[in-house]
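Notes follow the structure.
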Protein chains: 2
Amino acid sequence: MYELLKGLRVVEGSAFVAAPTCGLYLAQMGAEVIRFDNIGGGPDFRRWPLHENGASLYWEGLNKGKKSVAVDLGRPEGREIAQRLAAAPGEDGGLFVTNFPVEGFLSYEKLQALRHDLICVRVMGWADGSQGMDYTINAALGLPQMTGPVGDERPVNHVLAAWDLLTGAYCAFALVSALLARMRGQGGREIRAPLSDIGAATMANLGFAAETWLNGQQRPRMGNDVFGAFGRDFTTKDGEKLMLLAITPKQWSKALEALGIGSEVAGLEAEIGVSFADEGLRFTHRDRLYPLFERAFARKTAAELAPAFDAGGVTWGAYQPLEAALEDRRLFKDNPLFEAIQHPSGLTYPAPGAMGTIPQDRRGPVRPAPRLGEHTDEVLAEVLGLGSGEIARLHDAGVVAQA
Amino acid sequence: MYELLKGLRVVEGSAFVAAPTCGLYLAQMGAEVIRFDNIGGGPDFRRWPLHENGASLYWEGLNKGKKSVAVDLGRPEGREIAQRLAAAPGEDGGLFVTNFPVEGFLSYEKLQALRHDLICVRVMGWADGSQGMDYTINAALGLPQMTGPVGDERPVNHVLAAWDLLTGAYCAFALVSALLARMRGQGGREIRAPLSDIGAATMANLGFAAETWLNGQQRPRMGNDVFGAFGRDFTTKDGEKLMLLAITPKQWSKALEALGIGSEVAGLEAEIGVSFADEGLRFTHRDRLYPLFERAFARKTAAELAPAFDAGGVTWGAYQPLEAALEDRRLFKDNPLFEAIQHPSGLTYPAPGAMGTIPQDRRGPVRPAPRLGEHTDEVLAEVLGLGSGEIARLHDAGVVAQA
C-alpha cells in the first residue's frame, strides 16, 4: 500500500472483476474503499476458485484492503443505506464505483439528489444497458476467431478476462480524473464504462478496426506468430517451448547473433533481395525464416540457450506453467510486491500490494480482504453518523449484519 | 474528447502499446499530451498494419489527439531537449510518461535535477530492467498453456496484448493519482509499472495464484468453458457459434427458460441429487449438462434464438468476425464514441474518442494523431520558451524537425 490517495473515501457496490479491481487499485494507493454487499454476499461471493471451507480465493483476491458493510439490498431501508453510503459526505467523499444498472435505486439521478457533486463511475456490459460480460463482448469483437492454431476453425476464448481488467483500471483513472475536475470547480458527474465501448475503442486504437475497414476482412488466424514483426514460439532440443520476439532492428540482430544464424539469414536476404532490418519484411517472409530458427533452436537445450539469450540482450521468454512461475524469483518468489498474509479464508499465502512501484516511497503492508460485514458498525457510525441505538435497531430488524 | 483534465500538460516519450495508450487516455480526457520522437519516427512508427502508402494505422490509432515533436535523440543536444520537455514547467506540467529505460538520459534522477517535483510514470518489461514484452511475460505466467482446445498441448498466445493494455490504463491512473498527491504537498515521484509485476499481481488478484499454491498445479486447459460457472460456445442449427454464460442464479434460470430445457435439467438435478442454482455444481457437472444444451441449440437457428434470448434477458453473444462487428450498430456503426476523421495516413475512417461516456457532458470532437513533428516549433516556443532564432538554429543543425 502507498499513500498517494490518502484521505479519499470511495464506496464500491460491485461484483465480478472490473469494478472490484477499480476499487482494489484505489485502495492499494491509499484510498479508504468501502464495499457494500448483500447480507450473505453478492453474486460473486462464492466464485471459484474456492477453498475447501467454501471461501472464494477470487473474492478475497479482488477485495484486499477494503472495508465491508453487509446490508439487505432487497429491502427499502437497506437500499437507502447503500444510497447514503454511495453519496457519502466530505470533500474527498462522494466517490462511487459500481456495476449496478443505470436505472434503479443506484441511478445517478437518485444519488445526485443526495449529493449534488457526486462522482459515479459505472461499469456496464453493453452501452445500451443490455447484458454483456467479458466473454460475450469478446466473442462479438472477432478476437476468438483470430486466436489459436492455424487450421483449427473453432473460436478460442481468452482465459484472462482482458476487457474486465482494462475496464477496471480505466475506471480508476476516470474516478481520480473526475475528482481533479471537481476540485477545480467542474462539479460531479457520472462516467459510464461499458465493456462494449472499451472493446470497440481498443480494437480501433490498436489498428485492428482500420485494417479491417481497409481490407474488408479481419486479420486471419496466425497461431502464435506476432503480427507484422518476427515472433513465435520455438522448440528447443530438450522439447521446451520458448517465445522469441524481434520487433526492433536491435532485437532482430541480437537474436540472430545469439542463435548464430546471421550468415544463413544474410544468404536468404540475398536470395530474396530484401533486408530483414524491416520488421514487415520479416513478417512477410516468415515462412522462409522459420526453418532457420527452428533448426537453431533444435540444436541446443533451453539451459544452453537461456544464458546466451540473456547475455545477448535477446527478447525472449520461456513458456512455463503457473506453478513454475510461483517459484520464479522475479515473478512471485522474491518479488517485493508480495507478502504472505492471512486471508478471510483462514489461509496464509502471499498476496500483492499496489501493482506499481514507487522507489522513493516505502511500501506499506499488504492488507487482506475484509470478512463480509466486518466494518458494518464502524462505517454506519463514522460515515453515516448513526448512533449505537439506531445501529442496534438495524441489526435487530435484519437490515444490516456484522461479521 | 472531454475536459476533465483540461490544463494538464503531459509529455510522452514512448513506443509500442502500454505507454502510448496511457497518453491517449489522458489526451482524450482533455490533457495536452506532447509526444517526442526521434526524427523519422521511433521503433513503432512503422508498425503493422500499414496503409499502402507506408503509414502505420497502429501508430495513428494510438496517438490520437497528441502533439508531436521530432528531435534527434542520438545527439546530446536532442537529448537535452527531450529532458527539458519531460521536466516541463508549470503547476500542471512536469508529468512524464515513458517506456525509456530506468537508467540513461531519461532516468528519474537526471530529470529530477531539472524539476524537483517531477512525476514520472515508467512502463517496464521486467521489474529488474531486463527485456520483456507482453508476449514473453504472458508466456511466463502460464496462460498460453491454459488457453485453447482441450487435447491440444501447444501453448496458445493471446492476440490482444492484454498486459500492455492493462498497464497503460493503470499508468494513467497512477499519473493522475500522483498529481493529486503533489497538489496536496507530497512532492513528485517516479512510479514504475513493469509488465512482469502487473502480470504477477493480476494472476494473484484473480485467484489463479492462490489456487495453484493450494493445488500444486495450475488450472488445466478447458477450451472455452468458463471456469467455475456455466459458460461455453454452442452451435446453432445453422452452424453459428453463440457464447452462453450463466454465472448468477438469475442468468441460469433465464437461459433454461429461453432454451425450454427447464424440465430436462430438473430431471438431471433429481438424478444426480444436486441443485444447479449453485454455479460451482453447474461447473462440476458440466459434462452432463452440455448435451442438453447442445441439443437445444441444434434445434433452432441463430435468427430464432437471438430474439428469444434477448427477450428473456439471457447473457449471450454471437461470435462474429470483426468485419461484422464494424457493421454492428452497437459496437461501431452507430456508436457515438466514433467519428469519421481524416488521419495522418491521408485516410478518412471512424475513430473513437474517450472510452468512457459522461452523459452530462458534451463529447468534443475526436482528434486525429499528429503528423510526426507537426508541433515541434510550437512546443519549443511555448513549452521551452525558445526564440525563433534558436529554433531556426536547431533546425539548421538537424537537431529537430518539423512536419
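The values are calculated or read from the model by the stated rules, or taken from the named source; none is laboratory data. Owing to the predicted nature of the structure, the values given are computational and were not obtained by experimental measurement. Here Cβ is always computed from backbone atoms with ideal geometry, including for glycine, and neighbour counts include all displayed protein chains. Calculation scope for accessible area: heavy atoms of the full protein, side chains included, ligands and nucleic acids excluded. Shrake-Rupley method; radii C 1.70, N 1.55, O 1.52, S 1.80 Å.
One line per residue, one yes/no per condition, for (1) under 22 Å from the mean Cα position of the chain (by Cα); (2) within 9 Å of chain A (Cβ to nearest Cβ); (3) open to solvent by 20 Å² or more (accessible area, probe 1.4 Å); (4) under 21 Å from B:ALA172 (Cβ atoms):
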residue: B:ALA318; (1), (2), (3), (4): no, yes, yes, no
residue: B:LEU322; (1), (2), (3), (4): yes, yes, no, no
residue: B:ALA325; (1), (2), (3), (4): yes, yes, no, no
residue: B:PHE332; (1), (2), (3), (4): yes, yes, no, no
residue: B:TYR349; (1), (2), (3), (4): yes, yes, yes, no
residue: B:ALA354; (1), (2), (3), (4): yes, yes, no, yes
residue: B:ASP361; (1), (2), (3), (4): no, yes, yes, yes
residue: B:ASP377; (1), (2), (3), (4): no, no, yes, no
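Across the range B:163-178, the number of residues qualifying as facing another protein chain (nearest Cβ under 7 Å) and either open to solvent by 10 Å² or more (accessible area, probe 1.4 Å) or in contact with a strand residue (DSSP E or B) (Cβ under 7 Å, 6 or more places away or on another chain) (or both) comes to 3. Exactly one residue out of B:VAL10, B:VAL69 is within 14 Å of chain A (Cβ to nearest Cβ), touching a residue at least 40 places away in the same chain (Cβ under 8 Å) and in contact with a strand residue (DSSP E or B) (Cβ under 8 Å, 6 or more places away or on another chain): that is B:VAL10.
Condition (residue is open to solvent by 50 Å² or more (accessible area, probe 1.4 Å), under 30 Å from B:GLY239 (Cα atoms) and not basic (Lys, Arg)) applied to the range A:112-122: is it met by at least one residue? For the range A:112-122, residues open to solvent by 50 Å² or more (accessible area, probe 1.4 Å), under 30 Å from B:GLY239 (Cα atoms) and not basic (Lys, Arg): absent. Would you confirm whether any residue within the range B:158-176 is more than 23 Å from A:ILE198 (Cα to Cα) and either within 20 Å of the chain's Cα centre (by Cα) or assigned by TED's automatic domain parsing to the domain that holds B:GLY23 (or both)? Taking every residue of the range B:158-176 in turn, none turns out to be more than 23 Å from A:ILE198 (Cα to Cα) and either within 20 Å of the chain's Cα centre (by Cα) or assigned by TED's automatic domain parsing to the domain that holds B:GLY23 (or both). Checking each residue in the range B:177-208 for being more than 17 Å from the chain's Cα centre (by Cα) and among the charged types (D, E, K, R) picks out B:ARG182, B:ARG184, B:ARG189, B:GLU190, B:ARG192. One residue stands out in the range A:214-225 among those that are free of Cβ contacts under 8 Å to residues at least 24 places away in the same chain and open to solvent by less than 60 Å² (accessible area, probe 1.4 Å): the one that is farthest from A:ALA303 (Cα to Cα), namely A:GLY216. Within the range B:102-151, the set of residues being assigned to a loop (DSSP other than H, G, I, E, B), without any contact (Cβ under 8 Å) to a residue 60 or more places away in the chain and closer than 30 Å to A:ASN224 by Cα comprises B:ASP128, B:GLY129, B:SER130, B:GLN131, B:GLY151.
Against the list (1) open to solvent by 70 Å² or more (accessible area, probe 1.4 Å); (2) in contact with a strand residue (DSSP E or B) (Cβ under 8 Å, 6 or more places away or on another chain), the condition B:PRO249 fails is (2). Each residue in the range B:260-300 was checked for being of a type in the set (Gly, Ala, Ser), on the phi < 0 side of the Ramachandran plot and open to solvent by 20 Å² or more (accessible area, probe 1.4 Å), and 8 pass. Candidates in the range B:106-157 are the residues that are more than 10 Å from chain A (Cβ to nearest Cβ) and over 28 Å from B:ALA181 (Cβ atoms); of these, the one that is nearest to the chain's Cα centre (by Cα) is B:VAL150. When residues in the range B:153-200 are screened for being of a type in the set (Lys, Arg) and under 24 Å from A:GLY231 (Cα atoms), 1 of them pass.
Please indicate, with yes or no, whether at least one residue in the range A:381-402 is away from chain B (no Cβ under 12 Å), among the small types (Gly, Ala, Ser), in a loop (DSSP other than H, G, I, E, B) and more than 30 Å from A:ASP72 (Cα to Cα). No.
Within the range A:182-199, the residues that satisfy the criterion of being buried (at least 24 other Cβ atoms within 10 Å of the Cβ) and not in a strand (DSSP E or B) are A:LEU195, A:SER196, A:ASP197, A:ILE198, A:GLY199. For beta carbons closer than 8 Å, sequence separation of 6+ or different chains, a first residue in the range A:90-101 that is in contact (Cβ under 8 Å) with a residue 40 or more places away in the chain and under 8 Å from A:ARG9 (Cα atoms) and a second that is outside any loop (DSSP other than H, G, I, E, B) and open to solvent by 10 Å² or more (accessible area, probe 1.4 Å), the qualifying pairs are A:ASP92/A:ARG9; A:GLY93/A:ARG9; A:LEU95/A:ARG9. Note on the range B:61-80: among residues that are surrounded by 24 or more Cβ atoms within 10 Å (Cβ to Cβ) and assigned to a helix (DSSP H, G or I), the one that is nearest to the chain's Cα centre (by Cα) is B:LEU62.
Condition check: surrounded by 20 or more Cβ atoms within 10 Å (Cβ to Cβ), of a type in the set (Asp, Glu), at pLDDT 95 or above and over 24 Å from the mean Cα position of the chain (by Cα). Does B:GLU211 satisfy that? It is true that B:GLU211 is surrounded by 20 or more Cβ atoms within 10 Å (Cβ to Cβ), of a type in the set (Asp, Glu), at pLDDT 95 or above and over 24 Å from the mean Cα position of the chain (by Cα). A count restricted to the range A:152-184 and to residues that are among the aliphatic types (A, V, I, L, M), closer than 24 Å to B:ALA204 by Cα and without any contact (Cβ under 8 Å) to a residue 12 or more places away in the chain stands at 2.
Given the structure, is B:VAL97 at negative phi and assigned to a loop (DSSP other than H, G, I, E, B)? Judged against the criteria, B:VAL97 is not a match. The listed residues are A:LEU175, A:LEU166, A:LEU160, and the only one of them that is within 16 Å of A:PRO20 (Cβ to Cβ) and assigned to a loop (DSSP other than H, G, I, E, B) turns out to be A:LEU160. Is one or more of the residues making up the range B:44-59 open to solvent by less than 10 Å² (accessible area, probe 1.4 Å), more than 18 Å from A:ALA277 (Cα to Cα) and part of a loop (DSSP other than H, G, I, E, B)? No.
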